Structure formats: C-alpha cells, structure tokens
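Just below is one structure, and these are the notes that go with it.
A short reminder: the numbers here are calculations on the coordinates, not readings from a lab. Just so it is clear, the structure is predicted and the values come from calculations on it, not from any experiment. Cβ placement follows ideal geometry from the backbone for every residue including glycine, while neighbour counts extend to all protein chains displayed.
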Amino acid sequence: MRRVYEEGTLRADWSTDLRQKAKDRLSRASPEEAELISKFVPIRQVEENVDNVSSLPHDVRQTSEAVGVVEDESTRSGTYFQIDTNALIRKTRVEGLEVMSLEDAFERIDLKPYYWKAVAVDKDGFTSAVELYGRGGYVIVAKKGANIELPVQACLFMRTNDLLQAPHNIIIAEEGASVNIITGCTAMPEKAGIHVGISEFYVKKGAKVTFTMIHSWTHEIHVRPRTGVMVEEGGTFISHYVNLNPLASLQMYPVVRLNGRDAKTSISSLIVGFGKSKMDVGSEIVFNAPGTKGEIISKSVSTQESAIYARGRLTANSDDTRGHLECRGLIMDPRSKVYAIPELIGNAMNVELTHEASVGKLSQDQIYYLMSKGFSNDEATSILVRGFMETKIEGIPSSLQSMIESVTDMVAKKAAG
Amino acid sequence: MRPSPEDANLYYTVLKPNPMLLEVRDLHIDVKGHEVLRGVNLTVDQGESVMLMGPNGSGKSSLIHAIMGHPDYMVTKGSIIFQGKTLNGLPTDERAKLGIGVSFQLPPKVNGVTLGKLLSEIHRASEGDGGSVEEYVELLRCSELVGRDVNVGFSGGETKRGELLLLLTQRPLFSMIDEPDSGVDVESIQLVTKAIGELLKPRDSDPGNRPSALIVTHQGTIGKHLNASRAYIMIEGRIGCFGEARAIVDLVLTRGFEECVGCMRRAR
C-alpha cells in the first residue's frame, strides 16, 4: 500500500510546470521507487538555527566529524549543516561567497536559470519526490572572479528514524570564480531511511569547482543521489566521491556536461562494498564542445560477499575531444563480485576516447615481487590493498583523512587474513 | 669447453676457491607444464660475481625466478642450495630473508605505492644495515623517482635504476641482476656498474661474509665493465659452457651465441 504525503509548498510561481511534471512522473514510479519512497517519511520539523558547529549536539558532532566536518570554522570559508530537514547552520566567512538553504535562496536570488536545469525533475521517481516532498539543501554561490581559498564545508545529517531526506543542492561558480566544497552525508547509527540528494552544479566561464563528497551510512539506509554538472568555456570541475561504509543500497550516476570550449573535468571515486550492501555507482562525461577533456577514475573494493556495479560512460558529441576512463575493481573474497561496465560513445569522428578496466584479486606477480623484497605474503597483500585504495584529496581535514586510512587499514588487515 | 656437472664439481674439488654460497644442482623446472630448465648446474662463491649469458629465451630469467622461489616455477628434479641449505619449497620471502635479492628486468607496476615508501619499508626491515637510503638515491640519480608510484610510467633506464636502488636498500648477500645493460645508454651502464660495486661491498652486520652477484645478460656489454670472475652460457635451458669471464665475454661479443648452440647440439 502506498502512503501519500502532503506536498511541500510550491517553490515559486514559475515552478508550476515543474511541479506538474514531478507529479506525473511519480504516478508512473517503478515498483522499487514507489516502495522506497512510500516506506519513509518526509517529516516537517520546527525550524531552528544554530550559530556554529561546536553548538551542535555532541553525538551529531562526533558522527559528522568522520565525514569531514570540522569544529574549527576558521579553517573553512563557509558552513552548511542540515539535520533531517532542518538547515541549522548556513553561513559564510568570506567575501564573494554565499551559503544559503534552498528556501533562503528562493527569496534572495533568481533560481529560475538553475532549478532543475542540470538534473531533470522527471528523471525518475526519486527526483520527482524531491520536488514534491523535499526540504533544504544548500545553495552555494562563488561570485564572479572570487577565489575562495579555504574549503566550504557542508553536512547532510539523518537523525530521525524512517526519514525521507530529500535536499536539493545548487552550486554556482560564476565567471572566473574558484571554490572547493567538502560535503559529508551521514546518519546516526541504527537508523533506517532514504537519502535522495539532488546536486546541480553550474561552472561558468573559466571557473573551477572542486567537490568532495563523503558518504558514511548505516545498514538500513538507502541512498539515491542525483547529480548533474554543466561546465562552460574553460571551466573545470573536479570531483571525488568516497564511500567506505556499509549501507542498504546505493545507486548513483552523476552526469558532467562539458558544454563550452576547453572545459575540463576529472571524476574519481573510491567505494568499498560490505556484505548485503547493493552498490551501483557510475558516472558519465558528455563532451559537447571542441577542446574538452575529461577522465573518470573509479576504484571499487568488494568485500564480505558484496556485489558492486561500477559503470562509466564517455560520450563525445564534438570533434577535438579527449576522454579516458579507468575502472578498477578489487575482489577480496571468492564470493564477492565486481561488475565493471565501461562505455565509450563516439558521435563525432575526431575524438579520442580510451578506457582501461581491470577486475580481480590482487595480482600474484605483484605479491611475488614484494615478497622478493623481503615482505611476507600478508605484508605484501596489505601494501597492495593500501596502494589500491590510496586517495589523496586536496584540502580535506585530517579527521577525514584518518577515517579513510582507518577503513583502508581494516580492509588491508582483513585481506591479509 | 663443454662441461658436465662433474666438471663443475671438479672445479671445486681441485681448485678449492672461496667457500660456496650458492649451488644449483641438476635443476629441472616446469612452468605450467613446460620444461624451462633442463638440468642446470651452476655455482657462485662468496664474494664472487658471476655472469650468466645466453640468447633470449634460453632460460636465464627462469633460473632467477627458480632461485627466488616464484610460485609458478616448479622444481621437478635437482636442487638449489644456499649457504648449505636446500631452498626447494621455501617461500619467496624466506629466501629474501636468507639474503637473496633480485633486480628484475620487467618488474610489475605497483599503483598507489611510491618508490620512496617502499624504500623506507625495506630500510626499516633491514634495520639500517649498510649505507643510507639517501646516499643510494643520490648514487643512482633517483631523486625524481622516489615520489612516483613504483614502476608506473618508468622508462627502461628508470626501471633498472629503481630496481637497483631497492636492491641496494635491501642489501642482500646474493644479488641476482637481470639484464642491467639491455636498452640503456653508456651513462646508465656506468651507474649500474657503480651500484653493482656497492652491492658487493661487505655488510656492516657481517663484514667477514662478502656478498656475491649473478649478473644476467644476453649482450655482454656490461661484462666489459664488471670485474666478474666466471661466466656461464645458457642455451635451451641448459648450461652450454662456463669459464673465465673475460674469455667467455670476448667469445660472445665476437662470435655471438650461434656457435654455442651448434657446439651444444653436437655434444648431445
């Protein structure tokens, strides 16, 4: 049976059509979409404000630290913190940067050119649900020419059981601006729910966005991020995605469109699958202009009999474009699985698309090589797993780096038996 | 010149040179059902550098893998004896701990592990025996390689320098160096020669026990630079002949391996 929830209020008078599309799409939701959406509740909470990260409840601070949130806000140029549907902190410390909730942004800036323009509102049942029931999400604007040196931190936190958390984020880097955003998404232990986060990025002429997203969920949380990126002439979009903890299910497929001449992108991901976690993670780069370049580097580690689908697609619609896809899967036990699915699509003649994909256990040649240097089988295995998972991301806090390292240690130790 | 296993033994019983470090006795090796070594006899004394020459595919690298204990290299007959201990069946790391090391011709790439990181791990395990890693980095001009992932995107010369750097840091009692002179320029050959000289210096922890080396080459170029005492020629998985290094190197450089192959076939 399907539960029906009260719709959120219409965002703006111009968004009537979008709302109608969402309704139509949701009425055609697949059984899986319908089940997940109706199982959880898009609660309404009394709005609250908190001045800074250190005033948040202790348990929230502790959990969010592992996904990169720092209390010392002097090392961050801005902070956005949302618990469930409530945007508690939204502030900036520097000129040229705005950090707002989606609701603030509708009052303060013209969102019409950005709202559901990089992700279609009727893409699937989940995007539709965000339009209908969503609340919160951040809007970050780096103003024309602003070079925002310190990272902006954002956190989407699930605290209430059985929650449908559906934030809609919009990131705009105006002409020549540069900004580095670190977003952590996490939940209190033992909670069930679904997180559907929409992220729309607009990287304008000569602008640069570096985006790091860390997910750390729990066994009962389903995750369906929906991300679209538009990059204009000479713009750069760099993204890192890290997911190192168990969850119920994850499906995501961000699409980066390089629309302007010489636009560039680099998308990397590191995911570890555990037991029953169902993970289907991919990304696509669409090359729409000459001189565009892009790479996807995907690393998956499948442990405890898990299954990971690692997808990647390069679509070249313009001449003089270059793309590379690297897809590597490491299988840690005989019953774990990695399905690597690379796709290269050339719709123009003068394109250069390449891919390298490899899936398997650690190479026996590498183990022998390290053993010949005096390392035991276990030590060699551990060195190789660490090497496979090695991730260096610019600007991430030490708490996050140590979280990545501790999961790496754990996987390496398990691998070494 | 044709030797038999008995000739090799005669060399020891009659001449009694330095104590023997390594003895390979009538070694037969199978790799995935193919016989790659068909009765190899070879010895290396303490403090000696020995050259192993032969055409491509004659089994030189196979002998290295067999001595190092590669899991795919099955001993079907014969034995490998190091410092009086039979190595048959011993895992690779145990052999390394006994003091055997290799500079590989085609080492695998190790993504995510920098050369510097691997060096410090090896240095830690070797308890600082020998010179400092920095000195060796300087000696082999590897300062630009240490920050890069091991063998990832290395040129031929860089791979050799990296391997020798790892070997120097490991400081084995017995170094096997596979093709140090193939595809490198004169300057690199000089570096390689220096590194081999360094490898042969006694270790601080064991000054009385001079290290040895087995240098594998199909060209013989390096033979002109090294002060090797003996050389073996390997043909089709067997030792064709052995003798004084200079004589053998000259023979190979002037006449190639054609004659060795013929000589060996006639003798069979």
Cα-Cα longer than 27 Å, checked against A:299/A:413; B:85/B:109; A:21/A:191; A:414/B:97; A:373/B:160; A:21/A:208, kept in input order, equals B:85/B:109; A:21/A:191; A:21/A:208
Taking a crude spin-label model, label points 7 Å out from Cα along the C-beta direction, the residue A:30 to residue A:402 distance in nm is 4.1
Percent relative contact order for chain A, counting Cα pairs under 8 Å at least six residues apart, stands at 10
Taking the alpha-carbon centre of each part, the distance from segment A:138-184 to segment A:306-348 in Å is 27
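Given all pairs of different Cα atoms, what value in angstroms does the Kirkwood hydrodynamic radius of segment A:13-362 take?
20.4
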The FRET efficiency for residue B:31 and residue A:107, from their Cβ-Cβ distance with R0 = 51 Å and rounded to 0.05, is 0.10
Phi-derived 3J(HN,Hα) across segment B:208-224 with the Karplus relation (6.51, -1.76, 1.60, θ = phi - 60°), rounded Hz, x for Gly and Pro, is x, 9, 6, x, 10, 9, 10, 10, 9, 8, 9, 9, x, 3, 5, x, 5
Taking N as the residue count of segment A:157-298, its alpha carbon Rg divided by 2.2 N^0.38 Å gives 1.09
With Cα springs under 10 Å, the Gaussian network model of chain B assigns the largest mean-square fluctuation among B:156, B:84, B:223 to B:84
Taking every C-alpha to C-alpha distance in segment A:328-370 and binning by 10 Å from 0, the per-bin percentages run 22, 34, 25, 15, 3
The computed P(r) of segment B:5-267 puts the percent of Cα pairs beyond 27 Å at 35
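With +1 on the Cβ of every Lys and Arg and -1 on the Cβ of every Asp and Glu, and nothing else charged, how large is the dipole of chain A about its Cα centre, in debye rounded to the nearest 20?
Once rounded to the nearest 20, the dipole reads 600 debye.
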Distance in Å, no decimals, from the C-alpha centre of segment A:64-105 to the one of segment A:13-42 is 28
So for R0 = 30 Å, FRET eff. of residue A:361-residue A:162 from the Cβ-Cβ r, to 0.05, ends up at 0.15
In Å, the C-alpha Rg and Dmax of segment B:170-268 are 15.1, 49
Under a Gaussian network model of chain B whose springs join Cα atoms within less than 10 Å, the largest fluctuation of B:61, B:182, B:120 belongs to B:120
GNM of chain B, Cα pairs under 10 angstrom: of B:254, B:221, B:43, the biggest fluctuation goes to B:254
Normalised per residue, the volume inside the convex hull of the alpha-carbon atoms of segment A:363-417 in Å³ amounts to 76
Inter-part gap, Cα centre of segment A:260-281 to Cα centre of segment B:80-138, in whole angstrom, is 36
Over the Cα atoms of segment A:19-114 the radius of gyration and the largest Cα-Cα distance (Dmax), both in Å, equal 17.2, 48
Restricting to aspartates and glutamates and to Cα separations under 14 Å from residue B:32, and discarding same-chain partners fewer than 8 apart, the set is B:72
Hits in segment A:126-152: amide N under 19 Å from the 7 Å Cα→Cβ extension of residue A:72, namely A:149-152
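Evaluate the protein assembly as shown: find the radius of gyration of its Cα atoms, find its Kirkwood radius, and give the ratio Rg to Rh. List each step's numbers first, then the result.
Details: Rg = 31.5 Å, Rh = 28.6 Å.
Rg/Rh for the protein assembly as shown comes to 1.10.
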Over segment A:47-190, the quotient of the Cα radius of gyration and 2.2 N^0.38 Å is 1.03
Relative contact order as a percentage, segment A:363-417, C-alpha pairs under 8 Å and 6+ apart, gives 46
